[in-house]
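The values are calculated or read from the model by the stated rules, or taken from the named source; none is laboratory data. Values in this document were obtained by computation on a predicted structure and should not be read as measured data. Positions of Cβ are generated from backbone atoms using ideal geometry, with glycine treated the same way; all protein chains shown enter the neighbour counts.
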Amino acid sequence: MNNFSQRKPKSNTRIFVLLFVIVSVSLCIFLSARGRFEPVASSQAVSLILSPFQKVVSWCGSRFSVVKNVYEEFSTLHEENEALKAEVEKLRAENLQAVEFAAENDRLRELVGYKQAATQFDLIVARVIGYESSSWSHMITIDRGTRDGIEDQMAVVTPMGLVGHVTEAGINSSKVQLMIDPRSSVGAMIQRPTSRVVGVVEGDSSNPTKPRMVNIPKDSDMNVGDLVITSGFGGIYPKGIIIGTIEEIHPDIGGLLKFGAIKTSVDFQRLEDVAVIVESREAPPIPIQPTDNQIIAPTQPIQPIQPAQ
């Protein structure tokens, strides 16, 4: 009981002192803020009491300011980085588009130049919009049709040489059979003046990229490196269009004929723009005349056989 009585006054004293300090500090702060409390001793006491708190608040404020500045700088850098990424993607797309436009302009310039140079032809420029390739068929689709003047059996070319011919003309598009198609056949001849060997170029299903010039007699004058052009025979392809060059010569089955594997002048894997020959003023080829030893011209009439007497 005595211990409890002794502890109670001490506790009350501590509480009273704490309340007095709190009230005094609050009053000093209030009066200092109002400008009505100016004693030097009291100001020093207040400063002494508040100094630790002010240091803590100042330190916290400075750390908060640093964190705020770092966050703002990070946010700014993030926004700038995103803007730079968007600008880089935009420039990359514009660069790719510019490169594509430049390549297209080069191809069209070549076609226009060919159109101006090949005055014997009326040409319509078309773009390849589809490609069909299999072991038995090589076809492309172009973006020109009957409304543009395209018809079946019209020859298709590029400035490099022969492409093929139109097999199905629609209203807005047409299908073209490439000359490397195994079902295709083109009348051809060796351009070399001392040769002029005539044959047929057809697609080779076993080697789709290299058609063959066939039906060539074994002793015909055909050499590796000879330029092959269209002969004009057949009615589809005008004479003089480049097909390619003889790359290899092989004997045909039976040994009486031979054929030449051709490296085409047109790269069919990179075919994007073509020209359709809608009109040709090329003179038709002169028909092949028989040689002197093939002409039979009897000088005397044939007498009928008289029966035996």
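Of the residues in the stretch 225-237, not one is more than 34 Å from the chain's Cα centre (by Cα) and aliphatic (A, V, I, L, M). Looking at this structure, is residue 197 among the aliphatic types (A, V, I, L, M), closer than 21 Å to residue 150 by Cα and touching an Asp or Glu at 6+ places or on another chain (Cβ under 9 Å)? No. Summed over the stretch 227-258, residues that are under 22 Å from residue 208 (Cβ atoms) and in contact (Cβ under 8 Å) with a residue 60 or more places away in the chain total 7. Can you pull out the residues in the stretch 176-203 that are closer than 23 Å to residue 141 by Cβ and part of a loop (DSSP other than H, G, I, E, B)? 179, 180, 181, 182, 183, 184, 203, listed by residue number. The criterion of being in a loop (DSSP other than H, G, I, E, B), within 29 Å of residue 123 (Cβ to Cβ) and touching a Lys or Arg at 6+ places or on another chain (Cβ under 8 Å) does not hold for residue 239. What's the total number of residues in the stretch 112-153 that are surrounded by 14 or more Cβ atoms within 10 Å (Cβ to Cβ), assigned to a helix (DSSP H, G or I) and either touching a helix residue (DSSP H, G or I) at 6+ places or on another chain (Cβ under 9 Å) or modelled with pLDDT of 90 or more (or both)? Here the count works out to 2.
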